[in-house]
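A.B. asks: I am attaching a structure below and will ask some questions about it afterwards.
The numbers here are math on the coordinates, done by the rules we state, and not lab data. Note that the coordinates shown come from a computational prediction; the quantities given were computed from them, not determined experimentally. A quick note on method: Cβ atoms are made from the backbone with ideal geometry, for glycine too, and the neighbour counts reach across all protein chains shown.
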């Protein structure tokens, strides 16, 4: 089987791959995830970021193998929320989301790099999230846990951020940052079956 390389140091993505006993190694890339201001559709934004991330990974990873890149954004009322840079920004993000429905989009790209030839396949998954109406003190209590700063939208659904959520409609793993069913389908293109690993 090809080497599998996760071009991400996200502990959440690593944990998801570990659940499925996928043998992989991680590579850290210094990729600029700045959103292209000329694109307004969240689906297209996700696609654009993850495709550019994959091209960057292909140029900077010297070894052959299967490369996986992913990028997650939160979308509400025409606004794209990435990772907050401060607790104040995290507060404002959660305050914007509370009591409403928002969407989480994860762009996922899988490529095979082999003898200077590259095949790239891409997918985007969307999940609807319904956040509870929150009191100001609840938001303050949550951001004081310091979960917010490296999470798109300022919350971690797999940890204490789950207390903020009323319900979700769609793929839970997508919200965590790696839609596993999409990964399963993309890896099958390269004859890698997650049931048989």
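A.B. asks: For residue 118 paired with residue 133, estimate the spin-label separation in nm (one decimal), with each label point 7 Å from Cα along the Cα-to-Cβ line.
C.D. replies: The modelled label-to-label distance comes out at 5.0 nm.
A.B. asks: Next question. Between residue 29 and residue 88, what is the label-to-label distance in nm when each label sits 7 Å out along the Cα-to-Cβ direction?
C.D. replies: 3.3 nm
A.B. asks: Arranged by the count of other C-beta atoms within 10 angstrom, fewest first, what order do 62, 93 take?
C.D. replies: 62, 93
A.B. asks: Oh, and also: Calculate, for residue 59 and residue 38, the FRET efficiency according to 1/(1 + (r/R0)^6) with r their C-beta to C-beta distance and R0 25 Å; round to the nearest 0.05. Mind showing how you got there, number by number?
C.D. replies: Working: r = 23 Å, r/R0 = 0.93.
E(calc), rounded to 0.05, equals 0.60.
A.B. asks: For residue 21, project a label point 7 Å along Cα to C-beta. Then give me every residue of segment 176-197 with its amide nitrogen under 14 Å of that point.
C.D. replies: It comes to 193-197, nothing else.
A.B. asks: Report, in whole Å, the centroid distance computed from the Cα atoms of segment 13-81 and segment 127-156.
C.D. replies: The distance from the Cα centre of segment 13-81 to that of segment 127-156 comes to 23 Å.
A.B. asks: Read through the labelled values (1) 31, 17, 15; (2) 35, 20, 16; (3) 27, 21, 17 and report the label of the one computed as semi-axes √(5λ) of the Cα gyration tensor in Å from the structure.
C.D. replies: Label (1) holds the value from this structure.
A.B. asks: Based on the Cβ-Cβ distance from residue 166 to residue 196, what FRET efficiency comes out when R0 is 30 Å, to the nearest 0.05?
C.D. replies: Values: r = 38 Å, r/R0 = 1.25.
Result of the calculation: an efficiency of 0.20.
A.B. asks: Fewest first, what order do 145, 136 take by the number of other Cβ atoms within 10 Å? Write out the running numbers ahead of the final one.
C.D. replies: Numbers: 145 13, 136 10.
In order of increasing Cβ crowding within 10 Å: 136, 145.
A.B. asks: With n ≥ 4 as the cut-off for DSSP H runs, can you work out [θ] at 222 nm for the chain, using -39500 (n - 2.57) per run divided by the number of residues, rounded to the nearest 500?
C.D. replies: Numbers: 6 runs with 61 residues, N = 197.
-9000 deg cm²/dmol, from helical runs alone.
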